[in-house]
Amino acid sequence: MVISHMKKFDIKIPEDLVVFISGVPGVGKTTISYELLKAFPQFRIIEETDLIREVLRGYNDYIKNEFGEVAQPLFDKIEIYDHMKFLSFDEAKKQCQIMKNSFEKIVARQQRKGIPSIVNGVHIIPEILDGLAKNRNIIYINLFITNEHDIYNRLKERNPDKYSKNYISLIYKTNIDLYLSTLKLADKAGCIFNSIDVTALNVLETLNEVVECIIRRIEDAH
């Protein structure tokens, strides 16, 4: 049965709760983030992580232009990937590791101000961010899909020019690697880490699953 409404939840969002939503392109991270915001207006969506990536890329380009080949060995290690590049799981982990200190400061600021926050993106890798702010009042939710065909259909609807079939195998493998990584963390740390199979779920069904994960995390924290 298709759910056409949000379940009624008796839930008080803690003022310092931070929700990280991970997943490859097309799984619905942004859509669910905004649906969660509609359902619980006390949340704020943190958009600046994408801005951080762009600033870092711009800074790196500036340094390369100024110092040329001398700086190249350094940037081979700290490359900030373009938004147009589809990342393998290892590349996504590397990207997240570079940004981890910025994530730490963002979480500290939002929790200090008592602003419940949502952070989403392809650069959110739970195994890299594990231990951020000692995992206090943080929940990681990974959205994943179980087959290449469904990923392709979702991306084709989103942007058929950008997401050609040539990239689907890479995106799907990253999707599975991210799921397996998050699953291992869930086995270790319970409801801090969650994976939701969105293959057959509509937006409201996915939102309900996300809220149920958040409720379990809040109850566990107490």
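What follows draws every value from the coordinates through simple rules; no lab data is involved. Model, not experiment: these values are computed from the prediction. Please note: Cβ atoms are built from the backbone with ideal geometry, for glycine as well, and neighbour counts cover all protein chains shown.
At a Förster distance of 30 Å, what's the computed FRET efficiency of E104 paired with D161, Cβ-Cβ distance as r, to 0.05? Result of the calculation: an efficiency of 0.25.
For the cross-link pairs K12/K100; K134/K173; K113/K134, the ones whose C-alpha atoms lie over 26 Å apart are K12/K100; K134/K173. Counting neighbouring Cβ atoms within 10 Å and putting the fewest first, the residues D161, D90, D150 line up as D161, D90, D150. With a/c under 1.5 counting as rounded, go ahead and sort the stretch 117-205 into rounded, prolate or oblate using the C-alpha gyration tensor (a ≥ b ≥ c being the square roots of the eigenvalues; past the cut-off, prolate if a/b is larger than b/c, else oblate). It comes out prolate by the Cα gyration axes. The label point for K85 and the one for I115, both projected 7 Å from the Cα toward the Cβ, are 3.0 nm apart. Normalising by the residue count of the stretch 18-221, find the relative contact order in percent from Cα pairs under 8 Å and 6+ residues apart. The value is 32 percent.
Please state the shape class of the stretch 18-221: rounded when a/c is under 1.5, otherwise prolate if a/b exceeds b/c and oblate if not, all from the C-alpha gyration tensor. Oblate is the answer for the stretch 18-221, as a/c is 1.5 or above yet b/c matches or exceeds a/b. Taking a ≥ b ≥ c as the square roots of the Cα gyration tensor eigenvalues, with a/c under 1.5 meaning rounded and otherwise prolate when a/b beats b/c, else oblate, which class fits the stretch 88-132? Note, shape of the stretch 88-132 comes out prolate.
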